[in-house]
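Report on one structure; see the data block that follows.
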Amino acid sequence: MTSDPRYITTPLYYVNAKPHLGHAYATLLADTVSRFERQRGHRTRFLTGTDEHGEKIQTKAKEEGKSPLEFATANAKLFEAAWQAMGLTPDIFYRTTQASHVKLVQAALQQLKDRGEIYFAEYEGKYCVGCERFRTDQEWDAEGLCPDHRTPPVVRKEANYWFKMGAYQQRLLDFYRSNPDVIRPASYLNEVLGFLAQPLEDLCISRPTTRLEWGIPLPFDDKYVTYVWFDALLNYPGGLGYEGKPVGQNPGFDEKLWAEATHFIGKDILKTHAIYWPTMLMALGLPVFRHLNVSGYILMNSLKMSKSLGNIVEPVTMSETFGVDSLRFFLLREVPYGGDANFAWEAFVNRLNAELANGIGNLTSRSLTIAVKSLGGKVPAKAARGDAEAALLKQVHALPESFAKEFEAGRYHIALTQFGECVRACDLYVNDNKPWALAKDPAQTERLGAVIGTLIDALWTLSVVADSVLPNGMGRLRVALGEASPEVPAWSRATELRPEGSALGEVPRLFPRFEIPKEPA
Ligand code: ME8
């Protein structure tokens with residue numbers, strides 16, 4: 001186990017919608033990266049959960065004739081159940097209605113109020129109800145509408161509590177300038193520096209209970225509840241035992257893990273995470289996150305997949321039909337991280353057939369079927385290997401290092417392209433060496449052993465390297481290679497050679513071929 005731990009988080013999803021492929025994308029990514037970091041020997045904690053307060057939830061609950069908590073609980077369970085059904089393994093499922101979170105938010109607010117970071121003032125501004133925030137004059141489009149919701153502003157005059165966010169502008173700029181790799185990909189850093197080129201205003205952190213009741217009451221004024229973003233962002237250290245108390249007074253807080261926090265978010269919530277959140281951390285005396293990884297949107301028919309547009313793909317049904325490995329592989333392989341991607345059934349099925357069924361799946365079955373039929377189902381001797389075998393293994397054994405480098409940099413699609421190139425190199429080697437012909441000639445048994453044995457060693461490497469993306473399939477592959485269980489081997493074992501004479505398992509059919517489904521109506 002290496003010393004530097006990893007803390008990986010997804011956004012906390014609003015419970016006014018049911019989980020769709022967009023949410024699954026963020027959760028699958030964070031799950032994959034958590035598996036990868038764990039396999040690399042890092043102590044890793046992975047948090048996801050639900051964001052349950054605010055006007056949107058209050059309104060939705062009322063529409064359904066439920067109390068906000070009843071409504072939020074039912075939908076939070078849907079998210080938790082979806083991730084479970086998909087075999088995702090978060091360590092923490094965090095809900096912003098849990099008692100410990102309410103206490104933490106109130107303690108943090110009290111702390112900031114005591115230190116003079118919060119003040120009370122009347123303000124008249126242009127409010128967007130969809131965004132649940134005042135937008136500055138620059139943040140309306142040429143027609144004067146909210147660019148995200150295409151709605152006009154509501155002018156609101158209200159007395160509220162304010163966090164002195166503006167005071168942190170220079171510190172925040174200095175932070176990003178001296179830590180340019182915090183926001184990834186770098187194009188999003190430019191966007192953030194663009195926000196920071198404008199004067200940074202203070203942040204309104206309360207809502208009067210006359211307008212909104214469903215929130216965490218301010219500890220110093222019960223006529224107000226906490227602004228939902230100020231509440232929700234605090235989940236991240238909350239998941240590690242932070243209690244909102246001054247530095248040094250949070251005994252259960254895992255500060256080592258917090259210092260290594262990586263947040264996965266979508267580009268829609270860049271401003272709240274890259275501006276509001278670090279200034280809150282600075283004011284509370286906590287270290288700023290290590291990385292903010294920003295994805296683009298999954299689009300359907302060129303529009304952001306979202307419940308309100310009705311263009312969603314349901315991730316649980318999809319994983320039941322195609323397998324979670326396939327979904328995970330497709331999203332990471334197809335989408336250059338940070339960019340938008342249009343979801344189309346044709347591209348999905350073609351990718352799975354080409355790279356999983358006809359790729360690693362077919363390579364596995366053709367290599368192992370010959371091993372079972374013609375070599376007694378055992379790992380053959382390695383003595384008869386020559387230059388071609390050495391060249392193939394050299395290429396495959398270079399994969400763990402380059403794959404890890406790309407994965408760590410968030411270039412998942414490149415890492416998986418390299419994986420695919422190694423599979424193709426093995427396929428070419430099979431075509432060149434024709435093991436099916438060698439198997440027909442008893443005088444060539446030794447040569448056949450050299451060829452199949454080399455493929456077995458290559459398959460082992462591939463199975464270790466791709467485990468975080470294809471955990472089910474690669475676990476089954478390792479059992480076929482003779483492992484007692486699908487347990488994940490440490491990354492350092494990726495270039496081990498399979499022991500001569502050891503028994504192979506049954507030949508698996510790892511990835512089936514699929515037909516392109518008719519688009520759901
Ligand atoms: O914003 N494509 O919650 P949310 C890609 N509660 N990713 C998508 C997506 C799509 N079509 N749709 C959603 C919130 N996402 C707040 C977060 S965090 C303290 C509070 C993903 O339910 C993407 O990661 O609207 C996005 O940032 C997140 O879901 C927003 O989920």
Using the structure shown, decide if Val507 is touching a Gly at 6+ places or on another chain (Cβ under 8 Å) and either in a loop (DSSP other than H, G, I, E, B) or crowded, with 16+ Cβ neighbours inside 10 Å (or both).
no
The one condition Trp214 fails out of (1) open to solvent by less than 30 Å² (accessible area, probe 1.4 Å); (2) aromatic (Phe, Trp, Tyr); (3) out of contact with any Ser or Thr (no Cβ under 8 Å at 6 or more places or on another chain) is (1)
Out of all the residues in the stretch 119-129, is one or more among the small types (Gly, Ala, Ser), modelled with pLDDT under 95, under 30 Å from the mean Cα position of the chain (by Cα) and in the same structural domain as Ala259 (by TED's automatic domain parsing)?
no
Would you pick out the residues in the stretch 380-402 that are more than 19 Å from Asp432 (Cβ to Cβ) and over 41 Å from the mean Cα position of the chain (by Cα)?
Ala381, Ala383
Of the candidates Ala159, Ala107, the one satisfying the condition of being within 30 Å of Leu257 (Cβ to Cβ) and either open to solvent by less than 40 Å² (accessible area, probe 1.4 Å) or part of a strand (DSSP E or B) (or both) is Ala107
Conditions (1) of a type in the set (Lys, Arg); (2) open to solvent by 30 Å² or more (accessible area, probe 1.4 Å); (3) part of a loop (DSSP other than H, G, I, E, B); number of the one not met by Arg498
(2)
Here are some residues: Phe348, Phe329, Phe289. Which one is modelled with pLDDT of 95 or more, more than 14 Å from the ligand (Cβ to nearest atom) and among the aromatic types (Phe, Trp, Tyr)?
Phe329
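Take Arg171 and decide whether it is within 27 Å of Gln111 (Cα to Cα), touching a residue at least 12 places away in the same chain (Cβ under 8 Å) and surrounded by fewer than 16 Cβ atoms within 10 Å (Cβ to Cβ).
The answer is yes for Arg171.
Every residue, every condition in (1) without any contact (Cβ under 8 Å) to a residue 60 or more places away in the chain; (2) away from the ligand (no atom under 13 Å from the Cβ); (3) open to solvent by 10 Å² or more (accessible area, probe 1.4 Å), yes or no:
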| residue | (1), (2), (3) |
| --- | --- |
| Phe253 | yes, yes, yes |
| Ala261 | no, no, no |
| Ala274 | no, no, no |
| Ala283 | no, yes, no |
| Gly296 | yes, no, no |
| Met318 | no, yes, no |
| Asp340 | yes, no, yes |
Asp221 being among the acidic types (Asp, Glu), open to solvent by less than 40 Å² (accessible area, probe 1.4 Å) and touching a strand residue (DSSP E or B) at 6+ places or on another chain (Cβ under 8 Å)
yes
Residues of the stretch 110-140 being open to solvent by 40 Å² or more (accessible area, probe 1.4 Å) and either assigned to a loop (DSSP other than H, G, I, E, B) or at positive phi (or both), which ones?
Arg115, Val129
Would you mind stating whether Tyr242 is of a type outside the set (Asp, Glu), away from the ligand (no atom under 12 Å from the Cβ) and in contact with a Lys or Arg (Cβ under 7 Å, 6 or more places away or on another chain)?
no
Could you please let me know if Arg184 is of a type in the set (Lys, Arg) and either open to solvent by less than 60 Å² (accessible area, probe 1.4 Å) or within 19 Å of Cys204 (Cα to Cα) (or both)?
yes
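Go through the stretch 180-200 residue by residue and tally those that are within 22 Å of Ile265 (Cβ to Cβ) and touching a helix residue (DSSP H, G or I) at 6+ places or on another chain (Cβ under 8 Å).
Count: 12.
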Considering the stretch 263-272, residues that are open to solvent by 20 Å² or more (accessible area, probe 1.4 Å) and not β-branched (Val, Ile, Thr), and then whichever is farthest from the ligand (Cβ to nearest atom), we arrive at Lys271
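The values are calculated or read from the model by the stated rules, or taken from the named source; none is laboratory data. Quick caveat, the model's predicted, so the values are computed rather than measured. All Cβ positions, even for glycine, are placed from backbone atoms using ideal geometry, and neighbour counts span all protein chains on display. Side chains are part of the model used for accessible areas, which takes the heavy atoms of the whole protein and leaves out ligands, DNA and RNA. Shrake-Rupley method; radii C 1.70, N 1.55, O 1.52, S 1.80 Å.
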